[in-house]
1. For B:PHE73, state whether it is more than 30 Å from A:GLY196 (Cβ to Cβ) and either touching a residue at least 24 places away in the same chain (Cβ under 8 Å) or away from every other protein chain (no Cβ under 14 Å) (or both).
2. Would you please name the residue that is modelled with the lowest pLDDT, looking only at residues in segment A:95-123 that are more than 7 Å from chain B (Cβ to nearest Cβ) and part of a loop (DSSP other than H, G, I, E, B)?
3. Could you please let me know if B:THR177 is in contact with a His (Cβ under 9 Å, 6 or more places away or on another chain) and of a type in the set (S, T, N, Q)?
4. Does A:PRO290 fit the bill of being assigned to a loop (DSSP other than H, G, I, E, B) and either farther than 27 Å from A:ILE183 by Cα or out of contact with any Gly (no Cβ under 7 Å at 6 or more places or on another chain) (or both)?
5. Of the residues B:ILE234, B:ILE243, B:ILE229, B:ILE194, only one is out of contact with any strand residue (DSSP E or B) (no Cβ under 9 Å at 6 or more places or on another chain), touching a residue at least 40 places away in the same chain (Cβ under 8 Å) and under 23 Å from B:ILE110 (Cα atoms); which?
6. Give the number of residues within segment A:224-264 that are among the β-branched types (Val, Ile, Thr) and not in a helix (DSSP H, G or I).
7. For residues that are small (Gly, Ala, Ser) and part of a helix (DSSP H, G or I), tally how many sit in segment A:128-186.
8. Can A:ALA323 be described as at pLDDT below 85, outside any helix (DSSP H, G or I) and away from chain B (no Cβ under 14 Å)?
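The values are calculated or read from the model by the stated rules, or taken from the named source; none is laboratory data. Quick caveat: nothing in here was measured; it's all calculated off a predicted structure. Virtual Cβ from ideal backbone geometry, glycine too; neighbours counted across all protein chains shown.
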Amino acid sequence: MLPSRARKLPLVLVALAAFGLPLVVTSATYLHILILLFLYAYLTTSWNLVGGFAGVLPLGHAAFVGIGAYTSTILSLQYGVSPWIGMFAGALIAAVVGVIIGLPTFKMRGAYFALATIAFAEGIRVMFENIDHLGPFQINGPRGLQIPPLKTGLVHFMFADKEPYYYIILVMLAAVLALTWAISRSKLGFYLVAGGEEPEAAQALGVNVARAKLAAMAMSSFLTALAGTFWAQFTLYIHPKSVMSLDISFEIAFIALIGGRGSIAGPVLGALLLRPVSDFSRIYFGDTLPGLHLIIFGVVLVLVMLFQPRGLQEPLTRFYQQAMRRLSGGREAAP
Amino acid sequence: MLFIIEDTLNGILMGAIYGLAALGLTVIFGVLKVINFAHGSLLMVGMYVAYWAVLLTGVHPYLSLIVVVPVMFVFGYLLQDILIKPIFKSEKEVREPITVIIVTTGVWYILDNLALLIFGPQYRNIQDNPLRGKMLEIGEMMVSVPKLWGFFTALATALLIYLFLQKTRMGRAVRATSLDRDAASLQGINQYRIYNIAFGLGTAVAGVAGVTLVPFYNIFPTVGVLFDIKCFIIVVLGGLGSIGGALLGGMIIGVIESVGPQFMTATWTEAIVYALFLAFLFLKPSGLFGVKYDW
């Protein structure tokens, strides 16, 4: 282990750099790319709570993005409720839904859980594409919902520039990382890891594995839905394909898996490495080589799974720790 | 009343083709105990192989089986040998490595987007083939001829696989591995070779399903996704690993899709299928004919 000062210093530097970045990056395009990068880092970190720590493979998280986006948007369009409040309303709904999915599926083998989450997410998307009204709520089917940019300002969660969005998602990311860190050191975190790796042994020691997984699922879906509202307010237009498509679910899972599931740094690392690939290949090769970034994602995913199944964070962490040890003059004893 | 019978009939025919596609998935699951998430993409590859074989030679669509089956078998064999075998070897103690799901999902994305890159997003179909648009009149009912061909192909394929598993020495080795891989290894069966063969077989069956679709279905890079999710649903419905269950599950889905639109918007039937799937997952995850041990 490294001394705590040597571990904290780089963190502080990274945080400072992240907060100062918009001063340097003034291009709207690059800021947009950075916002999406943080958004995905946030989404994958939320996914990681259940996909990483609980050792199952959820492949339908887009459903929660969609629930969050639609709830806050419907509330603000039809009832004038601030998206900030709608954000948490959506998150609560998502958490309940997450528990409902998890309740019967966590007892099953891994593949069933993955299948159930896919079917569930696709089912919700199909429903939203077919429904114009859900009771008093306007959904508009495949046309989706447009948010008219009338009132800007913090209260309305709507801004003319990209900088405020940047800071909001940055704070959200920092918060979710802190939460993950806290959970990973809490009893719940240990229960999750134990239940994910050795369910029978954990059960025998009196750990309620199913309940720990449900708690993780509830938190994960809650947090994912918050990002859905952010997405809606950032793009100001949502439709079932844009917030609930299978591709979103898979991209979240892929990024986390490549970065390293079950670790705190893994999902962020994955987003840092993969989001630029996806954005730049879309910008430069979008017309000539469609889908290139998904091929790259797939190839990287397969290679990582074959050679580095715990994700890229593992070799990088080792490398980093060695470098830090060398920097501190080799005074540290070998770990 | 008549049109409901007509729809049911056509639903059963189409459903048998779904079942045929799911058959490959169930064969792979039966032996490897993992779900191949790339199955729909393998079907898509089979469709493109058949499409080009028919287009370049101008033969009857079903003659393309001569090319499709061996090509797909080798493709599946190598896929398992190169990408999936290493995982089984490194995670020996895990009965159902989640890593395999992840790798096959990666393969799904690679194949779908490679097809998009190479063939473009356009819908292709074979306009002048002897089966396209043909209808058979039974009294006042119309039955699609290409789907009828698909139906009988599905039954024949299921029968052939059944015979292979029951009557041949290799089939017995496959069944032994599927029951208990360690015990089978102790009897001198090379379990990894059996995995390769099972995966090749499943992929070849996906190819056969592709051939039955080519005469009347559109071919496009993401066509596999439609079948992927349907195949998952079918195998869970019928019971993972069960050959008859795959066919029956397919027919159930086919009938829902074909009769449903008489009573509601066509897209709603899709939601009904998902709901049925979730209901089965929650209430009877072993499906109609599945073994309880397998879930």
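1. Answer is yes for this residue.
2. Once the filter is applied, the top-ranked residue is A:LYS107.
3. No: the conditions fail for B:THR177.
4. So A:PRO290 fits the description; yes.
5. Of the residues listed, the single one that is out of contact with any strand residue (DSSP E or B) (no Cβ under 9 Å at 6 or more places or on another chain), touching a residue at least 40 places away in the same chain (Cβ under 8 Å) and under 23 Å from B:ILE110 (Cα atoms) is B:ILE229.
6. Qualifying residue count, segment A:224-264: 2.
7. The number of residues fulfilling the criteria is 6.
8. Spelling it out, it is not the case that A:ALA323 is at pLDDT below 85, outside any helix (DSSP H, G or I) and away from chain B (no Cβ under 14 Å).
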